[in-house]
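Note sheet for the following structure.
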Amino acid sequence: MKANEPAGDEALQRDARELTPALYALGRVLRLRGVDEAGLTPLPPSDLEVLRHVLESPGIGVGAVAQELGLHASNVSTTVRGLVSQGLLRREPAPHDRRAIELYPTMGAIQGMARIEQAWSEIFADALAALSPDERAALAGAATALGSLATALREQRSGPGRG
């Protein structure tokens, strides 16, 4: 398959139907596990999503978080207030416009996410141990392609006519 093949291509549609449930299941594992294993206070999935986004894009504003995650700005504002009160995010005035607010993770958030990601790697390592060497190699080889897929999906969501 080539990147320029039309979305209606039968083989492409079949591949998408086979891959999507597996990716959804993996995402669900990540949302539901890791926090407890890391010994942290559980966060609702939306809070964890906003926190991860700020960790990936320090200095981002509430409106941009909302747009990029496909959430309502008022919901993101409420989530941010909660994360600030928990000491996981801090707000700072934007240097170019003192009325605008930029969001930054705290050291506690950075360290907590590192613990969660370590727990995720341990969870996955245990599961990978149950797979054949060929299956493990195929998954390792797919990491770059899966990252590219995630980027394409984000760009598709924020492309022309969106948000």
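Miscellaneous remarks
The rows are residues; the columns are (1) farther than 25 Å from P42 by Cα; (2) among the basic types (K, R).
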residue	(1), (2)
E56	no, no
L88	no, no
H96	yes, no
R99	yes, yes
G108	no, no
Q118	no, no
S132	yes, no
A140	yes, no
S148	yes, no
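- Top-ranked residue of segment 6-60 - restricted to ones that are of a type in the set (V, I, T) and assigned to a loop (DSSP other than H, G, I, E, B), ranked as surrounded by the most Cβ atoms within 10 Å (Cβ to Cβ): V35
Bear in mind that the values in this text are calculations on the coordinates, not laboratory data. All figures in this text were calculated on a predicted structure; none of them were measured in a lab. Every residue, glycine among them, receives a Cβ derived from its backbone with ideal geometry; neighbour counts consider all protein chains shown.
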